[in-house]
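Right, one structure below, let's go through it.
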Amino acid sequence: MDRKKFLSQLRAQMPVQSTQTHSHAPRTQRALSVDECLDMFVSRATAALTHVHICESDDEVGSLIENIIDGASYVNTGCHQFAHILTNLNGHSEQVLTEDKNVTFGISEARIGVALTGTCVLDASQHRGGTLLPPRHIILLNAADIVPDLYSAYGIVGQSLRAKRTSVFAFHTGPSRSADIEQTMALGVHGPGDVHVIVVA
Amino acid sequence: MAKAEKRGAVLRGTSMVDSRRKIACAELDTDDPAGYQGLRNIAASIKDTVLADLPTYLETFANNAEAAGAKVHFASDAADARETIQDIIRSKGAKVIVKSKSMVSEEIDLNAALELDGYRVIETDLGEFILQLEHEHPSHIVLPAVHKPKVEVERMFNKLYKSPMGASADDLAQTARRVIRQDFLDAEVGISGGNFLVADTGSIVIVENEGNARLTTSLPKCHIAIVGIEKIIPSIDDLPVFLNLLSRSATGQRSTVFVSTITGPKTLDEPDGPDEMHIVLVDNRRSTILADEKLRPILRCIRCAACVNTCPVYQQIGGHAYGWVYTGPIGAILDPVLLGLEDAYHLPYASSLCGACTEVCPVKIPIDDILVEHRRRAVNASLTGPVEAMAMASFATVMVNHNLYEAATRLAAVMPSSNGRMSRLPLPVITDWQSSRDLPAMKGPRFRDIWKQRLASAGANNGS
Ligand code: SF4
């Protein structure tokens, strides 16, 4: 239906404008120190069945990834900050694919971590297919990018959207799961069933 | 399949999720500065603010979404919505369409229309995929296949995909993943629902656990989102309030596995994503609710199904007994408006008015008050006969008479029940009521028929 007509019909149906004061979400956040954020992130992400690792140096990250992928194929979904680590990686790197035929791992870079929910936020600079199609997913996260809660995270998302459009912000919390078969949890239904987050401190 | 087996599955499923919800919501008292009750108040008031001025918010949303490169369509009713979507798809030369969960698409019977047009339409949510294979409808708004015992799925996958009997839930899920994956790669169009429309950024937000909605909105070149007009929130800053309440109330999770905030199609410098995005905003009698001050709070609903899981009546009779898309307490207040009170007046009676639903509703919809309001209107319009009036009286007697209530409570304490909850007590009354008239379940098929006929005639009127 024509938009003008739709909206004017809707307006005509509205009862006399009630005087509703505009309310907003509280902008308050949980006050957590940097260390508390990291601890909280680790415990909440683990509770959501994510394997969390903490590394201190690039070398450590590199050998940890080699350990996890164990010679299997992987695709770099768009890591910039950590790109140099991936170039020296010992493994079978694939071009970004829209099909997942033989790629076992997607390796991505998170823009934000959310402590209270154990969430990694991926933006559209990451190849979407690469973060979803391979059965296993490794996400690199800078410890300094962990914020306390969703209020702070969506504050950043909002700011970023107002500055420059990004088609998607995907909040990932743990492996893909379903409880549709008699409430028994199954992992890796459509997205990755095994998720590692490497926090680089 | 034995009825008892189904009822067992429903009871187990809903009670398990209900107890997880309790724990997760209580945690908000420490996790969120506003606390659980504070968040409920804030969420309700944000929704009321939007509803009081919905046309303006819709306009803002549409302008911002189009500035982001999406095309926004407005559909006044089911036929209008289906035609809008059929038109978009026709221009794509599509063969395969993947869908992620959308209750609105159930409401407008979209799949049937698309299949008539010759497309292959695949429901990709595991529960809905299972139901689609058996030509069944969801019985629950969050756990579509909650009524389905696992052994039925084993049998079906065994027949269709040679999956072994006794396969684990993991194995069954892997089979579904394998089968659906090819459809994801082939599909030209992806159709999703949407949990929230964010006015100030023009984004749609989708909440899910499997990743099928992410794939549906990422792989096909054309993404169509179909969303009810009441899903608007003013600002992206308001989103955390609703996400905190929705995931915890729906499944007891702190966050669902995937939450996508989608703002337009892929940009030029992004590696992948749809080239084209359409958002179809559907009224379909929602404006009738909006215009009715007594019923308007219904439009705050975020479809978490907490009211469904906690409802002792739903746990007993299951979702299909409600006979339509929206089931449980939310169905009992929503369906009479969407379908018309004449056809659905009996649904508000499928309740003991125990108030459990109202207590758990994260957006504080006074569900039991609205149930009573529907009943009052049904009586005033002489839609109910003496049997219903009597049944209503007996519910009311139990609820308002202090002595009777006490006695029934004591009785409930010694009655076997899933968790000893007092709210189960009026059930014997309901059983009497059911035996004195048609079971609500008997109404099921007739209901769908009525709706189908109505859709068909609406379609005919529009010349399709
Ligand atoms: S009525 Fe309330 S509890 Fe029920 S589904 Fe809607 S928001 Fe959830």
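The values are calculated or read from the model by the stated rules, or taken from the named source; none is laboratory data. Only a predicted model underlies this, so the values are computations on that prediction, with no experimental measurement involved. Methodologically, a virtual Cβ is constructed for each residue, glycine included, from the backbone with ideal geometry; neighbour enumeration extends over all protein chains shown. These area figures cover heavy atoms from the full protein model, side chains too; ligands, DNA and RNA do not enter into them. Shrake-Rupley method; radii C 1.70, N 1.55, O 1.52, S 1.80 Å.
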Condition met for B:LEU299 (within 14 Å of chain A (Cβ to nearest Cβ), within 16 Å of the ligand (Cβ to nearest atom) and assigned to a helix (DSSP H, G or I))
yes
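When you go through B:LEU239, B:LEU215 one by one, which is the residue that is free of Cβ contacts under 8 Å to residues at least 60 places away in the same chain and buried (at least 24 other Cβ atoms within 10 Å of the Cβ)? Talk me through it step by step, then tell me what you get.
Working: B:LEU215 fails: free of Cβ contacts under 8 Å to residues at least 60 places away in the same chain.
Answer to the selection: B:LEU239.
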Pick from the stretch B:362-382 the residues that are within 22 Å of the chain's Cα centre (by Cα), more than 10 Å from the ligand (Cβ to nearest atom) and open to solvent by less than 10 Å² (accessible area, probe 1.4 Å): which of them is farthest from B:GLY331 (Cα to Cα)?
B:HIS374
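Quick one: is B:LYS266 basic (Lys, Arg), modelled with pLDDT of 90 or more and closer than 21 Å to B:GLY228 by Cα?
No.
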Is it fair to say B:HIS278 is modelled with pLDDT under 95 and away from the ligand (no atom under 16 Å from the Cβ)?
no
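A quick yes/no check of all residues on (1) under 29 Å from B:GLY35 (Cα atoms); (2) surrounded by fewer than 24 Cβ atoms within 10 Å (Cβ to Cβ):
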| residue | (1), (2) |
| --- | --- |
| A:ASN142 | no, yes |
| A:ASP145 | yes, yes |
| A:PRO148 | yes, yes |
| A:LYS164 | no, yes |
| A:PHE169 | yes, no |
| A:HIS172 | yes, no |
| A:SER178 | yes, no |
Collect the residues in the stretch B:209-261 that are in a loop (DSSP other than H, G, I, E, B), away from the ligand (no atom under 16 Å from the Cβ) and of a type in the set (S, T, N, Q), keeping them in residue-number order.
B:ASN209, B:THR217, B:SER218, B:SER235, B:SER255
Condition test on A:VAL147, is it in contact with a strand residue (DSSP E or B) (Cβ under 8 Å, 6 or more places away or on another chain), at pLDDT 95 or above and farther than 30 Å from B:SER235 by Cα?
no
The correct count of residues that are loosely packed, with under 14 Cβ neighbours inside 10 Å and assigned to a helix (DSSP H, G or I) in the stretch A:44-62 is 2
Which listed residue, of B:VAL227, B:VAL259, B:VAL282, B:VAL207, is assigned by TED's automatic domain parsing to the domain that holds B:ALA81, out of contact with any His (no Cβ under 7 Å at 6 or more places or on another chain) and over 30 Å from B:ALA24 (Cα atoms)
B:VAL282
Matching residues in the stretch B:89-105 - criterion: being of a type outside the set (Gly, Ala, Ser) and open to solvent by less than 10 Å² (accessible area, probe 1.4 Å)
B:ILE89, B:ILE97, B:VAL98, B:LYS99
Residue match in the stretch B:37-49 (condition: out of contact with any helix residue (DSSP H, G or I) (no Cβ under 9 Å at 6 or more places or on another chain), farther than 30 Å from A:ASP2 by Cα and open to solvent by 50 Å² or more (accessible area, probe 1.4 Å)):
yes
Answer residue from the stretch B:312-330, given it is in contact (Cβ under 8 Å) with a residue 60 or more places away in the chain and near the ligand (Cβ under 9 Å from one of its atoms) and is nearest to the other protein chains (Cβ to nearest Cβ) among those:
B:GLY328
Looking at (1) open to solvent by 20 Å² or more (accessible area, probe 1.4 Å); (2) facing chain A (nearest Cβ under 8 Å), can you tell me which one B:SER19 breaks?
(2)
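Let's see how each residue does on (1) outside the structural domain of B:ILE229 (by TED's automatic domain parsing); (2) of a type in the set (D, E, K, R):
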residue: B:GLY13; (1), (2): yes, no
residue: B:LEU28; (1), (2): no, no
residue: B:PRO33; (1), (2): no, no
residue: B:TYR36; (1), (2): no, no
residue: B:ALA43; (1), (2): no, no
residue: B:THR56; (1), (2): no, no
residue: B:ALA70; (1), (2): no, no
residue: B:ASP87; (1), (2): no, yes
residue: B:GLU107; (1), (2): no, yes
Any hit, the stretch B:194-208, residues being out of contact with any Gly (no Cβ under 6 Å at 6 or more places or on another chain), in a helix (DSSP H, G or I) and of a type in the set (A, V, I, L, M, F, W, C)
no
Scan the stretch B:337-353 and give yes if some residue there is touching a Cys at 6+ places or on another chain (Cβ under 6 Å), surrounded by 24 or more Cβ atoms within 10 Å (Cβ to Cβ) and assigned to a helix (DSSP H, G or I), otherwise no.
no
Taking the condition within 9 Å of chain A (Cβ to nearest Cβ), within 19 Å of the chain's Cα centre (by Cα) and either aliphatic (A, V, I, L, M) or closer than 17 Å to A:THR173 by Cβ (or both), does B:ASN212 pass?
yes
Within the stretch A:82-201, considering only helices (runs of 4 or more DSSP H) that don't extend past its boundaries, which have at least 2 residues that are on the phi < 0 side of the Ramachandran plot and facing chain B (nearest Cβ under 7 Å)?
A:128-132, A:150-163
Open to solvent by 10 Å² or more (accessible area, probe 1.4 Å), touching a helix residue (DSSP H, G or I) at 6+ places or on another chain (Cβ under 9 Å) and either among the charged types (D, E, K, R) or more than 9 Å from every other protein chain (Cβ to nearest Cβ) (or both): is that true of B:ASP272 in this structure?
yes
